[in-house]
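For reference, the structure is listed below as structure tokens.
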Amino acid sequence: MNSATDWRPHLAHWGAFSARWDGESLQVRPHPGDPDPNALIDNLPQAVNHRARVTQPMVRRGWLERGPGPDMQRGCEEFIPLSWDDALDLAARELQRVHGQYGAEAIFGGSYGWSSAGRFHHAQSQVHRFLNTTFGGYVRSVNTYSAGSSMVLMPHILGGMEEVARRNVTWTQIAEQTEVVLAFGGMAVRNTQVASGGVSQHVERQSMAAAAQRGCRFINISPLRDDLPPQASAEWRPIRPATDTALMLALVYTLVTEGLHDQAFIDRYCHGWAEFESYLLGQRDGQPKHAAWAAPLCGWTEQAIVELARSLPGRRVLVVVAHSLQRAQHGEQPVWMAAVLASVLGQIGLPGAGYNYALGSLAHYGHRYNTVGVTALPQGRNEVKAFIPVARIADMLLHPGEPFDYDGRRHTYPHVRLAYWAGGNPFHHHQDLHRLREAFGHLDTLIVNEIAWTATARHADIVFPATMTLEREDIGGTPTDPLLVAMHRVVQVKGTARDDYDIFAALAERLGRREAFTEGRDARDWLRHLYERTRAQLQERGHEAPDFDTFWSLGEWRLPQQADDGGVLRAFRTDPQTHPLKTPSGKIQISSPRIASFGYADCPGHPVWLSPGDAPDLRHPLQLVANQPATRLHSQFDFGAHSQASKRREREVCRLHPEDAQARGIAEGDIVRLFNDRGACLACAHVTSDVMAGVVQLPTGAWYDPIDTTQAKPLCVHGNPNVLTQDIGTSSLAQGCSGQLAAVQVERFDGPLPPIRAFDPPAMRAAA
């Protein structure tokens, strides 16, 4: 039996580590086998007992006094603490009321977000299982904020996204064979440091270093210099945001018109070339997509485009497109066009070459798959057919009963009365937060399980305090990392917090469905059950695997992995007849008759140049890049020491070019106000030439902190860029998230500096 001060194994999305409690503080250290540990684990010690933790059940005063119903006071009112029994009774009665009056189609199981690396205490799985086993289902969301457009597009053009992103080119191949990496949007190490389900070996930095030392040429096509690490020795080619498609078109035009393209590859492996070529050459619209046309759009010279195109043939070239490019209006176009560029070069399917969507965007990508999957909590069957693309949550709440397009079909937004959120924070992920606040006001009831007072919890009607990962036991693992981790409990539970599983079991009991939800198991029983299922898979394949008790004592077990065989794209290149792609033609769809048949003007049947709708203008002349943060995972543990250390004057840091700063009288360390017609926020300025002129960069993840919640569009004093971003779909095809870019103005803020209150608990008072 471990003593209270022993180091105990654990796993987070940002790495495997061990931790111990010395009686007064938490200590963490990375897994010794990790060649490049992620410092994000340093957010955990301060988080355990932070004042932002939710410590007892809370109910919004207005909901308790006035009852359920639409209410624009969400986020403005104080909370009243209740006992667990009283709070659970209230929630169960409200769930029963909504289900009884309106059916399961009126309940939204939100919970989008990266909750826990554990496969059992995974909040999304828990809430979905509860709603499925108790009510027969719920309104669900599909796809992700990270890859909303590509997840819909990819099956039309190359087959499943998993095959293109995860089972394709590996870091080992790049280190050993790649000659040119053409990285649109870069391959930022801050992104490769995290993976849902955890990662024990961060190999990206050392792989890029090995490739560069061998002579591989990394080309960073991005408005940000540090979208590739120094170890890659990359050439930085700044590009105006949202113009990558135009550049790719011009590169392909040069290759085709100069006879440098691989026509044999196109003829054998591609479908729909002629239609696209007609567009490329300007035969239909009168505008050839040559370098002279693209240069002013991209901020490049004509010569630079031509020279880059001519340098690629005859080399082993890997074309990579980051998640960031498709997180914008018309985000489908660069993803599709990059596949065309790789096809024209004839590289798809070669080791270390071709096309790898999002390599460098997550630690999942570029790794070998395990031979068996890690068994997760079964969610049950959802009988409700209604769904929304994940980033259309505000549209659903604001426009129930109205139609929306998605992937060739017309759907209708359901009328949701109750949302249950566990393990996610839409005030981080979503855009145009003032519109989101309004949307949440249309609900009858919002129930939230949370470890801390996020903006989502502050807008809830019932808040249940949930345990954080170090306060419970779990099993951690992911399909692309070999380490299966026994996640031991390290610290005592904060306040009266309970595991999500226990919260839902108590609710299910009140609703007469406890057995259906729990199957008669407690949490440890479930861990044993899930592990034994994974163990059985290993044994079926002839691999050794210890029993559960031995595994738990060892703390980890290494899983066997599949060969680095290039997946379906390699097999397709080897024999396209025997191994066709899962596309309508069995080939790479340069043009897609199926997409063309949908008739979407914002996503036609082949890649095209479409001007961004929210482009800089005289009023808002700067392009905001709202990218992922380096010091936290999304908004998780923003109050942790590592995240806090990156802030200046308690606020998030925005970066802008010296020319843009000088024109506005902004100096290093000044507080600035970023604004447009949607909203405004404060941040601390960092003046640097690592950001191209005309661009301001402010990462996502600073907790939303409105100066006055009674205002319709209050100033966020902390630096959340999503008060500025637009809440529109990428296109009618995918309806993905468009939160990467926004046109803004920036000015020095000379007024009294408002305090940061994002991490303070909301106002509370005892029940009458």
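Throughout, read-outs are computed from the coordinates displayed, never taken from laboratory work. Everything numeric here is computed off the predicted structure, so don't read it as measured data. Cβ: placed from backbone, ideal geometry, glycine included. Neighbour counts: every protein chain shown.
Some notes on this structure:
- At q = 0.19 Å⁻¹ the log10 of I(q)/I(0) for region 622-748 amounts to -1.05, computed by Debye summation with a single uniform scatterer per C-alpha, solvent ignored.
- For the chain, the cysteines with no partner cysteine C-beta closer than 4.7 Å are C76, C216, C270, C298, C603, C654, C684, C737.
- The fraction of Cα-Cα pairs per 10 angstrom bin, counted from 0 for region 42-82, comes to 25, 37, 24, 13, 1 percent, rounded to whole percents.
- Compared with the direct C-alpha span, the chain from E438 to Q662 gains 76.9 nm at full extension, assuming 0.36 nm per residue.
- Under the simplified labelling scheme, the D267-A304 pair shows an inter-label distance of 3.7 nm, with each label point 7 Å from Cα along Cα→Cβ.
- Computed from the alpha carbon atoms alone, the convex hull of region 1-136 holds 184 Å³ per residue.
- Cβ crowding within 10 Å ranks M208, M764, M396 as M764, M396, M208, fewest other Cβ atoms first.
- For K587, a cut-off of 13 angstrom between C-alpha atoms picks up these aspartates and glutamates, skipping any fewer than 8 places away in its own chain: D267, D575.
- Of the residues H128, L312, H430, the one whose Cα sits farthest towards the positive end of the charge dipole of the chain is H128 (charges of +1 on Lys and Arg Cβ, -1 on Asp and Glu Cβ, taken about the Cα centre).
- When F759, F551, F120 are sorted by how many other C-beta atoms sit within 10 angstrom of their C-beta, beginning with the fewest, the order is F759, F551, F120.
- Positive-end residue, region 17-68 charge dipole about Cα centroid, Cβ charges, pick of H50, W63, S18: W63
- Label zone at M764, where the point sits 7 Å out along the Cα-to-Cβ direction: region 79-104 residues whose backbone N lies under 20 Å: 79-91
- Percent RCO, i.e. relative contact order, over region 1-84, from Cα pairs under 8 Å lying at least 6 residues apart: 19
- Charging the Cβ of each Asp and Glu at -1 and of each Lys and Arg at +1, and nothing else, the dipole of region 622-748 about its Cα centre rounds to 100 debye.
- Within region 650-687, backbone nitrogen closer than 19 Å to the virtual label 7 Å beyond the Cα of L618 toward Cβ: 664, 676-677
- On the beta carbon distance between E544 and Q577, with R0 = 51 Å, the FRET formula returns roughly 0.85.
- When the GluC sites (Glu not before Pro) in region 485-575 are filtered for DSSP coil states and for at most 15 other beta-carbon atoms within 10 Å of their beta-carbon, the remaining sites are E519, E544.
- Computed over region 94-198: relative contact order in percent, which uses C-alpha pairs under 8 Å that are six or more apart: 24
- Sites R649 and A274 - FRET efficiency at Förster radius 60 Å, r taken between beta-carbons, to 0.05: 0.55
- Spatial separation of Cα centroids for region 469-484 and region 671-702, in angstrom: 36
- Nearest-20 debye value, the chain charge dipole, Cβ charges on Lys, Arg, Asp, Glu: 280
- Taking the centroid of alpha carbons for each part, region 515-583 and region 741-768 are 45 Å apart.
- Convex hull volume per residue for region 390-462, taking Cα atoms only, in Å³: 89
- Span from the region 134-189 Cα centroid across to the region 387-449 one, whole angstrom: 24
- Matching label, Rg/Rh (Cα atoms, Kirkwood Rh) computed from the structure shown, candidates (i) 1.06; (ii) 0.95; (iii) 1.16: (ii)
- Charge context of P155, other residues only, Cβ under 15 angstrom, K/R +1, D/E -1: +2
- Taking other C-beta atoms within 10 angstrom as a stand-in for reagent exposure, D244, D262 fall in the order D262, D244, fewest first.
- Estimated distance in nm for a label pair at Q96 and T55, the labels positioned 7 Å out from Cα along Cα-to-Cβ: 3.3
- Take the Cα of R533, step 7 Å toward its Cβ, do the same at R521, and the gap between the two points is 0.7 nm.
- Among the GluC sites (Glu not before Pro) found in region 191-288, those both in a DSSP coil and sparsely packed, with 16 or fewer other Cβ atoms within 10 Å of their Cβ, are E258.
- FRET efficiency estimate (nearest 0.05) - Cβ-Cβ, R748 to M72, R0 45 angstrom: 0.85
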